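Participant: Shown below is the structure under consideration.
The values are calculated or read from the model by the stated rules, or taken from the named source; none is laboratory data. Note that the structure is a prediction, hence the values are computed from the model and not measured. Using ideal geometry, Cβ is built from the backbone for each residue, glycine included, and neighbour counts are taken over all protein chains shown. Protein only, heavy atoms only, side chains kept; ligands, DNA and RNA dropped before computing areas. Shrake-Rupley method; radii C 1.70, N 1.55, O 1.52, S 1.80 Å.
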Amino acid sequence: DYDPEQKYDVIYMHDGQNLFDSSITWNHQEWGVDECMSRLIADGEIRPCIVVGIDNISEIRYEEYYPTAICPTVPEGVLPEGFKPLGDEYLRFVVEEVKPFVDSLYSTWKDAEHTFVMGSSCGGLISSYALCEYPEVFGGAACLSTHSSLTNPYTDIDQKPAAEAYLKYLRENLPADDSHILYMDRGDCPYDSTYAETQDAINDMIDSLGWESSHHMYRLFPGHSHSEKDWQARLDIPVKYLLKH
(Lines give C-alpha, C1' and ligand atoms only; values in the text may rest on other atoms or scores of the structure.)
Protein backbone atom coordinates (compact mmCIF):
# COMPACT_ATOMS: atom_id res chain seq x y z
CA ASP A 1 0.00 0.00 0.00
CA TYR A 2 2.97 2.31 -0.54
CA ASP A 3 1.79 5.85 -1.29
CA PRO A 4 4.37 8.41 -2.50
CA GLU A 5 2.15 11.18 -1.10
CA GLN A 6 2.70 9.80 2.40
CA LYS A 7 5.85 9.89 4.56
CA TYR A 8 7.25 6.68 6.07
CA ASP A 9 9.43 5.73 9.01
CA VAL A 10 12.23 3.30 8.12
CA ILE A 11 13.61 0.32 10.04
CA TYR A 12 16.98 -1.03 8.86
CA MET A 13 17.25 -4.71 9.75
CA HIS A 14 20.34 -6.93 9.64
CA ASP A 15 20.51 -10.55 8.41
CA GLY A 16 18.14 -9.53 5.64
CA GLN A 17 17.96 -12.95 4.02
CA ASN A 18 16.31 -14.34 7.19
CA LEU A 19 13.48 -11.83 7.42
CA PHE A 20 10.88 -12.57 4.77
CA ASP A 21 11.13 -15.98 3.12
CA SER A 22 11.87 -19.26 4.91
CA SER A 23 12.44 -21.09 1.62
CA ILE A 24 15.81 -19.34 1.19
CA THR A 25 17.10 -19.49 4.76
CA TRP A 26 19.68 -21.97 6.03
CA ASN A 27 17.35 -23.35 8.70
CA HIS A 28 14.02 -22.87 6.87
CA GLN A 29 12.87 -20.30 9.42
CA GLU A 30 12.08 -16.61 8.99
CA TRP A 31 11.14 -13.57 11.05
CA GLY A 32 7.81 -13.10 9.22
CA VAL A 33 8.52 -9.39 9.00
CA ASP A 34 6.19 -8.71 6.08
CA GLU A 35 3.20 -10.40 7.73
CA CYS A 36 3.85 -8.73 11.10
CA MET A 37 4.31 -5.23 9.71
CA SER A 38 1.34 -5.48 7.35
CA ARG A 39 -0.92 -6.56 10.21
CA LEU A 40 0.26 -3.86 12.64
CA ILE A 41 -0.03 -1.12 10.02
CA ALA A 42 -3.48 -2.29 8.89
CA ASP A 43 -4.68 -2.38 12.51
CA GLY A 44 -3.34 1.12 13.16
CA GLU A 45 -1.02 -0.07 15.92
CA ILE A 46 2.12 1.48 14.41
CA ARG A 47 3.00 4.34 12.11
CA PRO A 48 3.36 3.43 8.42
CA CYS A 49 6.91 2.30 7.77
CA ILE A 50 9.32 0.66 5.37
CA VAL A 51 11.61 -2.21 6.41
CA VAL A 52 14.97 -2.44 4.66
CA GLY A 53 16.53 -5.89 5.06
CA ILE A 54 20.31 -5.89 4.56
CA ASP A 55 21.79 -9.32 3.86
CA ASN A 56 24.82 -10.42 5.82
CA ILE A 57 27.93 -11.91 4.24
CA SER A 58 27.81 -15.33 5.87
CA GLU A 59 31.56 -16.00 5.72
CA ILE A 60 32.40 -12.86 7.69
CA ARG A 61 29.18 -12.23 9.62
CA TYR A 62 30.90 -12.20 13.03
CA GLU A 63 33.46 -9.66 11.84
CA GLU A 64 30.80 -7.61 10.02
CA TYR A 65 28.70 -7.15 13.15
CA TYR A 66 31.57 -6.78 15.65
CA PRO A 67 31.87 -3.32 17.30
CA THR A 68 35.20 -2.01 16.04
CA ALA A 69 35.65 0.55 18.80
CA ILE A 70 35.89 -2.00 21.60
CA CYS A 71 38.82 -3.87 20.07
CA PRO A 72 41.57 -1.59 21.44
CA THR A 73 40.30 -2.29 24.97
CA VAL A 74 40.06 -6.07 24.53
CA PRO A 75 43.19 -7.73 26.02
CA GLU A 76 45.63 -9.25 23.58
CA GLY A 77 44.94 -12.91 22.88
CA VAL A 78 41.17 -12.75 23.40
CA LEU A 79 40.50 -12.14 19.72
CA PRO A 80 42.12 -14.54 17.23
CA GLU A 81 45.28 -13.44 15.50
CA GLY A 82 44.49 -11.45 12.39
CA PHE A 83 40.88 -10.81 13.41
CA LYS A 84 39.57 -7.74 11.61
CA PRO A 85 36.41 -6.19 13.03
CA LEU A 86 34.25 -4.69 10.28
CA GLY A 87 31.56 -3.01 12.36
CA ASP A 88 32.65 0.51 11.45
CA GLU A 89 32.82 -0.32 7.74
CA TYR A 90 29.42 -2.01 7.82
CA LEU A 91 27.73 0.93 9.56
CA ARG A 92 29.39 3.37 7.17
CA PHE A 93 27.86 1.35 4.32
CA VAL A 94 24.41 1.51 5.93
CA VAL A 95 24.58 5.22 6.77
CA GLU A 96 26.42 6.58 3.74
CA GLU A 97 25.18 4.27 0.98
CA VAL A 98 22.04 2.33 1.87
CA LYS A 99 20.13 5.08 3.71
CA PRO A 100 20.72 7.80 1.09
CA PHE A 101 19.62 5.36 -1.62
CA VAL A 102 16.43 4.44 0.24
CA ASP A 103 15.67 8.10 1.04
CA SER A 104 16.12 9.04 -2.63
CA LEU A 105 13.87 6.24 -3.88
CA TYR A 106 11.03 6.33 -1.34
CA SER A 107 9.01 8.98 0.46
CA THR A 108 10.66 8.68 3.86
CA TRP A 109 11.09 10.72 6.97
CA LYS A 110 14.86 11.22 6.89
CA ASP A 111 15.46 12.36 10.48
CA ALA A 112 16.58 10.22 13.40
CA GLU A 113 13.20 10.40 15.10
CA HIS A 114 11.78 8.21 12.31
CA THR A 115 14.82 6.02 11.55
CA PHE A 116 15.54 2.80 13.44
CA VAL A 117 17.84 -0.20 13.42
CA MET A 118 17.03 -3.76 14.48
CA GLY A 119 18.67 -7.15 14.64
CA SER A 120 19.17 -10.33 16.63
CA SER A 121 22.22 -12.04 18.12
CA CYS A 122 25.25 -10.34 16.53
CA GLY A 123 22.68 -8.22 14.68
CA GLY A 124 21.54 -6.99 18.08
CA LEU A 125 25.14 -6.23 18.97
CA ILE A 126 25.68 -4.08 15.87
CA SER A 127 22.30 -2.39 16.41
CA SER A 128 23.33 -1.17 19.85
CA TYR A 129 26.65 -0.08 18.36
CA ALA A 130 24.83 1.85 15.61
CA LEU A 131 22.78 3.74 18.22
CA CYS A 132 25.99 4.81 19.95
CA GLU A 133 28.02 5.61 16.84
CA TYR A 134 25.27 7.35 14.86
CA PRO A 135 22.78 8.88 17.32
CA GLU A 136 22.12 11.63 14.79
CA VAL A 137 20.96 9.00 12.25
CA PHE A 138 19.12 6.38 14.33
CA GLY A 139 16.51 7.40 16.87
CA GLY A 140 16.12 3.91 18.28
CA ALA A 141 17.45 0.37 18.24
CA ALA A 142 15.81 -2.99 18.88
CA CYS A 143 18.29 -5.66 19.96
CA LEU A 144 16.81 -9.15 20.22
CA SER A 145 18.85 -11.93 21.87
CA THR A 146 21.83 -9.60 21.78
CA HIS A 147 25.16 -11.43 21.57
CA SER A 148 26.26 -9.57 24.68
CA SER A 149 28.70 -12.26 25.76
CA LEU A 150 30.69 -11.63 22.54
CA THR A 151 31.56 -15.33 22.53
CA ASN A 152 33.98 -15.92 19.68
CA PRO A 153 33.10 -18.92 17.50
CA TYR A 154 36.73 -19.27 16.43
CA THR A 155 38.36 -19.85 19.80
CA ASP A 156 37.89 -21.43 23.23
CA ILE A 157 39.66 -18.53 24.96
CA ASP A 158 37.71 -16.86 27.79
CA GLN A 159 35.61 -14.10 26.24
CA LYS A 160 34.66 -12.29 29.44
CA PRO A 161 37.13 -9.42 28.81
CA ALA A 162 35.42 -8.74 25.47
CA ALA A 163 31.99 -8.64 27.13
CA GLU A 164 33.36 -6.27 29.78
CA ALA A 165 34.79 -4.04 27.04
CA TYR A 166 31.38 -3.94 25.35
CA LEU A 167 29.67 -3.00 28.61
CA LYS A 168 32.21 -0.23 29.22
CA TYR A 169 31.71 1.05 25.69
CA LEU A 170 27.92 1.22 26.13
CA ARG A 171 28.28 3.01 29.46
CA GLU A 172 30.47 5.67 27.89
CA ASN A 173 28.73 6.05 24.54
CA LEU A 174 24.98 5.50 24.85
CA PRO A 175 23.00 8.63 23.93
CA ALA A 176 21.34 10.70 26.64
CA ASP A 177 18.70 8.77 28.53
CA ASP A 178 15.74 10.83 27.27
CA SER A 179 16.81 11.24 23.65
CA HIS A 180 16.61 7.78 22.06
CA ILE A 181 14.78 4.45 22.31
CA LEU A 182 16.49 1.17 23.19
CA TYR A 183 14.76 -2.22 23.28
CA MET A 184 16.59 -5.37 24.40
CA ASP A 185 15.42 -8.90 25.15
CA ARG A 186 16.46 -12.54 25.41
CA GLY A 187 15.01 -15.99 25.92
CA ASP A 188 16.02 -18.42 28.66
CA CYS A 189 16.78 -21.47 26.50
CA PRO A 190 20.01 -22.22 24.64
CA TYR A 191 21.76 -20.19 23.24
CA ASP A 192 20.06 -17.20 24.84
CA SER A 193 20.54 -18.54 28.36
CA THR A 194 24.30 -17.89 28.06
CA TYR A 195 23.59 -14.15 27.86
CA ALA A 196 22.01 -13.90 31.31
CA GLU A 197 25.02 -12.50 33.20
CA THR A 198 26.10 -9.93 30.63
CA GLN A 199 22.56 -8.84 29.77
CA ASP A 200 21.73 -8.35 33.44
CA ALA A 201 24.84 -6.19 33.79
CA ILE A 202 23.77 -4.12 30.78
CA ASN A 203 20.29 -3.67 32.23
CA ASP A 204 21.70 -2.52 35.58
CA MET A 205 24.05 -0.11 33.83
CA ILE A 206 21.27 1.40 31.71
CA ASP A 207 19.10 1.81 34.82
CA SER A 208 21.99 3.55 36.57
CA LEU A 209 22.19 6.03 33.69
CA GLY A 210 18.60 7.04 34.34
CA TRP A 211 16.84 5.52 31.34
CA GLU A 212 13.10 5.29 31.98
CA SER A 213 10.53 2.88 30.53
CA SER A 214 9.51 5.36 27.85
CA HIS A 215 13.00 5.08 26.37
CA HIS A 216 14.28 1.66 27.48
CA MET A 217 12.49 -1.68 27.49
CA TYR A 218 13.93 -5.06 28.46
CA ARG A 219 11.95 -8.28 28.18
CA LEU A 220 12.73 -11.87 29.16
CA PHE A 221 10.81 -14.55 27.25
CA PRO A 222 10.66 -17.91 29.06
CA GLY A 223 10.80 -20.84 26.69
CA HIS A 224 12.30 -18.83 23.83
CA SER A 225 15.55 -19.95 22.23
CA HIS A 226 18.02 -18.45 19.78
CA SER A 227 15.96 -18.87 16.62
CA GLU A 228 14.01 -17.03 13.95
CA LYS A 229 10.77 -18.73 14.98
CA ASP A 230 11.04 -17.23 18.45
CA TRP A 231 12.04 -13.79 17.16
CA GLN A 232 9.03 -13.97 14.86
CA ALA A 233 6.78 -14.84 17.81
CA ARG A 234 7.69 -11.63 19.67
CA LEU A 235 8.53 -9.27 16.79
CA ASP A 236 5.41 -7.17 17.30
CA ILE A 237 6.64 -6.09 20.77
CA PRO A 238 9.84 -4.25 19.69
CA VAL A 239 8.17 -2.97 16.51
CA LYS A 240 5.33 -1.38 18.47
CA TYR A 241 7.81 0.03 20.99
CA LEU A 242 9.80 1.75 18.23
CA LEU A 243 6.84 2.88 16.14
CA LYS A 244 4.30 3.80 18.80
CA HIS A 245 1.96 6.61 17.89
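Participant: If I filter the range 228-244 down to residues being part of a loop (DSSP other than H, G, I, E, B) and within 9 Å of Glu45 (Cβ to Cβ), which single residue comes out as most open to solvent (accessible area, probe 1.4 Å)?
Facilitator: Here the residue is Lys244.
Participant: Hey, another quick one. Given the structure, is Ile70 farther than 21 Å from Gln17 by Cα and in contact (Cβ under 8 Å) with a residue 60 or more places away in the chain?
Facilitator: It is true that Ile70 is farther than 21 Å from Gln17 by Cα and in contact (Cβ under 8 Å) with a residue 60 or more places away in the chain.
Participant: Mind listing whichever residues of the range 170-194 are open to solvent by less than 20 Å² (accessible area, probe 1.4 Å), more than 22 Å from Glu133 (Cβ to Cβ) and not charged (D, E, K, R)?
Facilitator: Gly187
Participant: While we're looking at this one, here's another question. Can you name every residue in the range 195-223 that is under 18 Å from Met118 (Cβ atoms) and open to solvent by 70 Å² or more (accessible area, probe 1.4 Å)?
Facilitator: Within the range 195-223, just Arg219 meets the criteria.
Participant: Moving on. Considering every residue within the range 27-36, establish whether at least one is part of a helix (DSSP H, G or I) and either in contact (Cβ under 8 Å) with a residue 24 or more places away in the chain or small (Gly, Ala, Ser) (or both).
Facilitator: Yes; the residues of the range 27-36 include at least one that is part of a helix (DSSP H, G or I) and either in contact (Cβ under 8 Å) with a residue 24 or more places away in the chain or small (Gly, Ala, Ser) (or both).
Participant: Output the qualifying pairs, or none if there are none: Cβ atoms under 7 angstrom, residues six or more apart or on different chains, first residue in the range 226-245 and more than 25 Å from Glu212 (Cα to Cα) and modelled with pLDDT of 95 or more, second residue among the aromatic types (Phe, Trp, Tyr) and crowded, with 21+ Cβ neighbours inside 10 Å.
Facilitator: Every condition considered, the pairs that remain are Gln232/Trp31.
Participant: Among (1) part of a helix (DSSP H, G or I); (2) open to solvent by 40 Å² or more (accessible area, probe 1.4 Å); (3) small (Gly, Ala, Ser), which single condition is Ala162 missing?
Facilitator: The number of the failed condition is (2).
Participant: Let me ask something else. Taking the options Ile46, Ile11, Ile50, Ile70, name whichever one is surrounded by 20 or more Cβ atoms within 10 Å (Cβ to Cβ) and assigned to a strand (DSSP E or B).
Facilitator: Being surrounded by 20 or more Cβ atoms within 10 Å (Cβ to Cβ) and assigned to a strand (DSSP E or B) holds for just one of Ile46, Ile11, Ile50, Ile70, which is Ile11.
Participant: Turning to a different aspect of this structure: Of the residues in the range 79-105, how many are in contact with a helix residue (DSSP H, G or I) (Cβ under 9 Å, 6 or more places away or on another chain), surrounded by 14 or more Cβ atoms within 10 Å (Cβ to Cβ) and assigned to a helix (DSSP H, G or I)?
Facilitator: Residues that pass the stated criteria total 6.
To keep it simple, each residue is scored yes or no on (1) over 21 Å from Ser214 (Cβ atoms); (2) free of Cβ contacts under 8 Å to residues at least 24 places away in the same chain; (3) in contact with a strand residue (DSSP E or B) (Cβ under 8 Å, 6 or more places away or on another chain); (4) of a type outside the set (S, T, N, Q).
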residue	(1), (2), (3), (4)
Asp88	yes, no, no, yes
Glu97	yes, yes, no, yes
Phe101	yes, yes, no, yes
Val117	no, no, yes, yes
Gly123	yes, no, yes, yes
Ser127	no, no, yes, no
Gly140	no, no, yes, yes
Ser149	yes, no, no, no
Glu164	yes, yes, no, yes
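Participant: So which residues in the range 1-32 are under 13 Å from Phe116 (Cβ atoms) and of a type in the set (Val, Ile, Thr)?
Facilitator: Val10, Ile11
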